[in-house]
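The block underneath contains the structure these notes are about, expressed in structure tokens.
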Amino acid sequence: MRKVIAIVIACLCISADWVRMPILQEPNSSNSKIKATFLYNFTKYIDWPDKYKEGNFSIGVLGTTPFYNDLNTLLSTKTVGNQKFEIKSFANVESITGICHILFIPAENSAMLPDVLKKMKGKSTLIVTEKIGMAKQGSAINFIIENNKQRFELNKNNIAKYNLKVSSTLEALAIKVE
């Protein structure tokens, strides 16, 4: 009887580790999908100037990141009003060209934020980051993890600098930063 119990416990321990392994790999992927969904929903609650309501709705991603693929997958069949989504990947700040409605800066490229702010001056681009403190340093929206949940900070002053208007609904969901 002891041998049977020992074998069952050993099998449970092995299977528990085996089952846990994919879960350890999954959070980055699922977190990336959650952020992609947030970005899509931001388009519903932020108003861009009229000249930005023509052509494709462009979302740029600064640098290489798996987020680009998740964003492409999510938005390939969706629209903002009558605008189709166009997802662009920019290797560096100098390569950012044309109209970019939203520019996502992954945590590993946060040091580029000051250069991005200079490049985007006078344009109506929603700058979204994912590193603590970035909303105070110039981004409009910054993803954070709070109590093991994906949340976002919103700096209304930074949004206003880029001639964008945010709905009160989005403001109510955000952690406000000044």
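The figures follow:
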quantity: Hz values of 3J(HN,Hα) by residue in the range 129-143 - Karplus curve (6.51, -1.76, 1.60), Gly and Pro given as x; calculated: 10, 8, 10, 3, x, 5, 5, 7, 9, x, 6, 7, 10, 9, 6
quantity: Peptides 93-104, 129-140, 42-53 ordered by average Cβ neighbours within 10 Å, highest first; calculated: 129-140, 93-104, 42-53
quantity: Entries in 53/156; 53/78; 78/156; 84/123; 118/165; 84/131 that, when Cα-Cα distance is taken, lie over 25 Å; calculated: 78/156; 84/131
quantity: Largest-first principal axis extents of the Cα set of the range 53-113 (Å); calculated: 35, 22, 13
quantity: Interchain or long-range residues, amide H under 5 Å from residue 127's placed H; calculated: 103, 140, 141
quantity: For the range 91-178, the fraction of alpha-carbon pairs in successive 10 Å shells from zero, as %; calculated: 17, 54, 26, 3
quantity: Farthest positive-ward along the range 16-170 dipole, Cα basis, beta-carbon charges - from 163, 111, 73; calculated: 163
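The numbers here are math on the coordinates, done by the rules we state, and not lab data. Everything numeric in this text was worked out from a predicted model, so none of it was measured. Positions of Cβ are backbone-derived with ideal geometry, glycine not excepted, and every protein chain shown enters the neighbour counts.
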